Amino acid sequence: MDSDLTFTEADDGLLQQYDEMATRAFGHTVGDITHLRGHADVRVALRAGRVVAGGLGILADQFFGGAAVPAACLAAGSVAPEERGDRLAADMVRERLRHLREHGAVVSTISTVSNGYARHMGWEAPVPVFSWSVSSDDLKRSFASGGLEIEHGLTKDALDLQQELARQWNGPVRRPDWWSTWTTVKNALTTYRFNHPGGPVAGWISLATKRSDRHGMNLVVHDFWAADPDCATAMLAFLGRYNSRAETVQFRRGALPPYPVLLHGLHRHRAKADAWHPWMLRILDLQGAIRMRGWPVELDLEMPVEIGDERPGSSHRYLLRICAGSADLAPHRADGEVTFTRGQFAVWYAGGYRSAASARMAGVMARSDASLTTLVAVTGAREPWLPEHF
């Protein structure tokens, strides 16, 4: 690590320097640097008293296996353009994570265009990420409202439903109390709730609109939470009613859950998918992450595994034990039935390998197909999905 550098938590003066430096580095302002001041851990690197790198760290839980796992969500990492090329970004990440790990984080999530660089530091992408664009006319022709009632505004019942539905996937953030206010103000969101007549909230969407240069509006969906297929259908039908004002409905990257509602519902499947840089996961504490994750209560499994260390070229042997919804990872002498790199283990942890074939093609080594199939199935009950942006 460069002896001329010092790392510190940002006070108001350093935060201003970091904000100005990040604007130069990204080529645009980064509003979250100030918007998240009261909620994020802000760390900067100083050279001769001048901020040359910085980043935000949000300590929050993410759902894995239905349980809330303490996570370090990293955002707005930047290095001054004149300082690039000397591993400052890696040093800055280590310093940011050190404090979040001290406060309990056992996994870390990052979203970055520099996937190779993040991979080198131990993160890996569990799943591709897409945004979707669909003709509003196609939505109107394909989906029916089904008589659901629609109300404007976000309520506590709707937020409680979101948390309940988020548990069904691997990756969603257990949103802190301040989250909805932050995203609503930041993105100028409008929210609509849906329910069956006389029933509780069954789903909700949040969307942002912007006047089009020529006519009507651009419409972007930020949240799409449905408790049942009828509600999901009604929500898509509602979006189709914007056809007189918005030619297309865009689902922001990761906003649409990975279920086949469009594939099975559109009369003509003319939806457009745009690939985005994926979210990436890193396991900071192997044993803590295994212990805190949720596991199938009916499962009884013991399997020796080998997992790569954070230092390249080294690994450790463990015995993975899962019983009655609990699990632990203990040091073990026997050769592993399955061998993971650190990044491969993160993908497995998130349920990113949907079959033994996909794990094998990702480079996961196994002594037998049966062992690999068994281990893939252990985390496969929930699919990976991260709808939050940070």
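Here is how the numbers come out for the structure above:
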quantity: Some residue of the stretch 366-380 being open to solvent by less than 50 Å² (accessible area, probe 1.4 Å), at pLDDT 95 or above, farther than 17 Å from Pro304 by Cβ and hydroxyl-bearing (Ser, Thr, Tyr); calculated: yes
quantity: Scope the stretch 169-225; condition in a loop (DSSP other than H, G, I, E, B), surrounded by fewer than 22 Cβ atoms within 10 Å (Cβ to Cβ) and in contact with a helix residue (DSSP H, G or I) (Cβ under 8 Å, 6 or more places away or on another chain); matching residues; calculated: Arg175, Leu189, His196, Pro200, Gly216
quantity: Failed condition for Leu5, given (1) open to solvent by 40 Å² or more (accessible area, probe 1.4 Å); (2) hydrophobic (A, V, I, L, M, F, W, C); (3) at pLDDT below 95; calculated: (1)
quantity: Residue match in the stretch 291-300 (condition: buried (at least 20 other Cβ atoms within 10 Å of the Cβ), modelled with pLDDT of 95 or more, within 28 Å of the chain's Cα centre (by Cα) and within 17 Å of Met365 (Cβ to Cβ)); calculated: no
quantity: Unmet requirement for Ala246, which otherwise passes all of (1) open to solvent by less than 10 Å² (accessible area, probe 1.4 Å); (2) more than 20 Å from Leu386 (Cα to Cα); (3) outside any loop (DSSP other than H, G, I, E, B); calculated: (3)
quantity: Of all residues making up the stretch 139-149, the number that are open to solvent by less than 60 Å² (accessible area, probe 1.4 Å) and among the aliphatic types (A, V, I, L, M); calculated: 2
quantity: Test: residue in the stretch 320-335 that is of a type in the set (Ser, Thr, Tyr) and part of a loop (DSSP other than H, G, I, E, B); calculated: no
quantity: Flag if His28 is farther than 22 Å from Pro172 by Cα, open to solvent by 50 Å² or more (accessible area, probe 1.4 Å), in a loop (DSSP other than H, G, I, E, B) and in the same structural domain as Arg101 (by the TED database); calculated: yes
quantity: Top-ranked residue of the stretch 35-70 - restricted to ones that are open to solvent by 70 Å² or more (accessible area, probe 1.4 Å) and outside any strand (DSSP E or B), ranked as farthest from Trp295 (Cα to Cα); calculated: Ala48
quantity: Residues within the stretch 119-148 that are within 15 Å of the chain's Cα centre (by Cα) and either in a loop (DSSP other than H, G, I, E, B) or among the small types (Gly, Ala, Ser) (or both), tallied; calculated: 6
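The values are calculated or read from the model by the stated rules, or taken from the named source; none is laboratory data. Since the model is a prediction, treat every value here as computed from it, not as a measurement. Methodologically, a virtual Cβ is constructed for each residue, glycine included, from the backbone with ideal geometry; neighbour enumeration extends over all protein chains shown. Accessible surface is based on the protein model in full, side chains and every heavy atom, while ligands, DNA and RNA are left aside. Shrake-Rupley method; radii C 1.70, N 1.55, O 1.52, S 1.80 Å.
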